[in-house]
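Only the coordinates and a few stated rules stand behind these numbers; no lab work does. All figures in this text were calculated on a predicted structure; none of them were measured in a lab. Don't worry about glycine lacking a Cβ; one is built from the backbone with ideal geometry, like all the others, and counts go over all protein chains shown.
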Amino acid sequence: MTDEQKIVKGFNAGYLMARHRPELSQTIQKGLDNKEDSYVVGFIAGAKEYEREVSKPRTRNYKAPHLPQGPKSPDKGKGKDMDNREV
């Protein structure tokens, strides 16, 4: 298994552990000795990513883009008086 694969597996494990068992995730992170191991690096990064996602607000603070307005259609019946019709 390559280092990259270990990092990915560790990241996924850390993310899921932080999501479903946050107390256990914290305990495991504190007890990890070899913080240079690829799996451990991924595990810690995955747990931190989940914590980052949970801490950011979930509200949508965005403005709808301003849509350009095309030419307006002429008003139907504007300026037409039924009594002043030409025959």
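Neighbour counts of other Cβ atoms within 10 Å put 43, 11 in the fewest-to-most order 11, 43. Of the residues 32, 24, the one with the fewest other Cβ atoms within 10 Å heads the list, and the complete ranking is 24, 32.
Taking a ≥ b ≥ c as the square roots of the eigenvalues of the Cα gyration tensor, segment 3-55 is oblate, since a/c reaches 1.5 or more and a/b is not larger than b/c.
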